[in-house]
Amino acid sequence: RRDKTAIEAAGSKLLVLGIDGADPLAELQGDIQGIIGVLAGKE
């Protein structure tokens with residue numbers, strides 16, 4: 001949590017990828033959509 005606070009205080013974003021579930025490909029696709037959303041300023 002301290003790392004997340006420091007990252008946010010610096011004006012950066014913390015990205016956590018979820019690839020260890022039952023369907024890693026679906027999780028990766030969701031992660032990619034999240035990255036695109038952040039880069040587009042939608043999240």
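Read the figures in this text as sums done on the coordinates, not as results from a lab. Because the structure is a prediction, the values reported are computed rather than measured. Cβ: placed from backbone, ideal geometry, glycine included. Neighbour counts: every protein chain shown.
So here's what we get for this one:
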quantity: log₁₀ of I(q)/I(0) at q = 0.13, 0.20 Å⁻¹ - the chain, Debye sum with one point per alpha carbon; calculated: -0.36, -0.72
quantity: Chain lengthening between Val38 and Thr5 when straightened (0.36 nm per residue, less Cα-Cα); calculated: 10.1 nm
quantity: Ranked Val16, Val38, criterion: other C-beta atoms within 10 Å, fewest first; calculated: Val16, Val38
quantity: Ranked list, fewest to most other Cβ atoms within 10 Å of each Cβ, for Ile35, Ile19; calculated: Ile19, Ile35
quantity: Helix-only CD estimate at 222 nm, as mean residue ellipticity for the chain, using -39500 (n - 2.57) per DSSP H run (n ≥ 4); calculated: -17500 deg cm²/dmol
quantity: Helix 24-39 vs. the chain, principal-axis angle (Cα, 0 to 90°, nearest 10); calculated: 40
